[in-house]
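Enquirer: Handing you a structure now.
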Amino acid sequence: KDGNRMWALSECGQVMTYDLRKMEPVHSFQDMAGCTSLGKTKESRPCSTNSGVNDQETMFSVGSTSGLINIYDETCMTKEYPDCTKTLKNLRAPVTFQKYNSTGELAIFGSELLPDQARLIHCHSQR
């Protein structure tokens, strides 16, 4: 909103927010599509590939190597293990890009690794 918050994502799905004015962490939570979700061996677990946040900071999303995308609303800032508001499951390649439009109404997620691997979603209706 005001450019004073930075979002960071670890490879294993730990999402952290930092206050840039105070230079300190504000909150962190674990994305459940990250490395902890499938219970496979460490070598074969999906890992988080990238994240996105809309300009209003009301929607946050995390993509993974398995093609899963978890979308969170602003309530993720109050919980250590928040439930995502929507999971997109039909990408067949690792998520390589995420972009929200300037009003935060639409988002596109996809992979540049395979042709025709993109998903457009209306953020308010989650469709």
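The values are calculated or read from the model by the stated rules, or taken from the named source; none is laboratory data. Only a predicted model underlies this, so the values are computations on that prediction, with no experimental measurement involved. So basically every Cβ, Gly included, is an ideal-geometry build from the backbone, and we count neighbours across all protein chains shown. The protein model used for the area step is the full one, side chains on, heavy atoms only, and it has no ligands, DNA or RNA in it. Shrake-Rupley method; radii C 1.70, N 1.55, O 1.52, S 1.80 Å.
Enquirer: Only Lys, Arg, Asp and Glu count, each charged at its Cβ (+1, +1, -1, -1), so figure out the dipole size of the chain about its Cα centre, rounded to 20 debye.
Expert: Values: 14 positive and 15 negative charges, 65 e Å.
Its charge dipole is roughly 320 debye.
Enquirer: Under the classification rounded if a/c is under 1.5, otherwise prolate if a/b is larger than b/c and oblate if not, where does the chain fall, given a ≥ b ≥ c as square roots of the Cα gyration tensor eigenvalues?
Expert: On the way: a/c = 1.79, a/b = 1.18, b/c = 1.51.
Oblate, because a/c is 1.5 or more while a/b does not exceed b/c.
Enquirer: Total Lys pairs in the chain closer than 21 Å by alpha-carbon, pairs eight or more apart in sequence or interchain only? Intermediate results must be reported in sequence, preceding the final value.
Expert: Working: 1/22; 1/79; 1/99; 40/89; 86/99; 89/99.
Summing the qualifying lysine pairs gives 6.
Enquirer: Does the range 69-120 come out rounded, prolate or oblate by the C-alpha gyration tensor, with a ≥ b ≥ c the root eigenvalues, rounded set by a/c under 1.5 and, if not, prolate when a/b is larger than b/c and oblate if not? List each step's numbers first, then the result.
Expert: Details: a/c = 2.84, a/b = 1.62, b/c = 1.75.
Here the range 69-120 falls in the oblate category.
Enquirer: Could you state how much accessible area residue 116 has, in square angstrom rounded to the nearest 10, with a 1.4 Å probe and all protein chains kept in place?
Expert: For residue 116, the solvent-accessible surface is approximately 150 Å².
Enquirer: Taking the Cα centre of the chain as the origin and placing charges on Cβ (Lys, Arg +1; Asp, Glu -1), which of 122, 58, 3 is farthest toward the positive end of the dipole?
Expert: Of 122, 58, 3, it is 122.
Enquirer: Moving on to the next point. Restrict the search to the range 71-127; then list the GluC sites (Glu not before Pro) that DSSP places in a loop and that have at most 12 other Cβ atoms within 10 Å of their Cβ.
Expert: On the way: sites: 74, 80, 105, 112; in loops: 80, 105, 112.
Answer by residue number: 80, 112.
Enquirer: Give, rounded to the nearest 20 debye, the magnitude of the charge dipole that the range 56-127 has about its Cα centre when Lys and Arg contribute +1 at Cβ and Asp and Glu contribute -1 at Cβ.
Expert: Working: 7 positive and 8 negative charges, 58 e Å.
Computed about the Cα centre, the dipole is about 280 debye.
Enquirer: Calculate the FRET efficiency for residue 90 and residue 22 from the Cβ-Cβ distance with a Förster distance of 41 Å, rounded to the nearest 0.05. Each step should come with its number before you reach the end.
Expert: Numbers: r = 40 Å, r/R0 = 0.98.
Between residue 90 and residue 22 the formula returns 0.55.
Enquirer: Determine the order of 22, 79 by accessible area, beginning with the largest, at a probe radius of 1.4 Å. Each step should come with its number before you reach the end.
Expert: On the way: 22 135, 79 100 Å².
Largest accessible area first, the residues go 22, 79.
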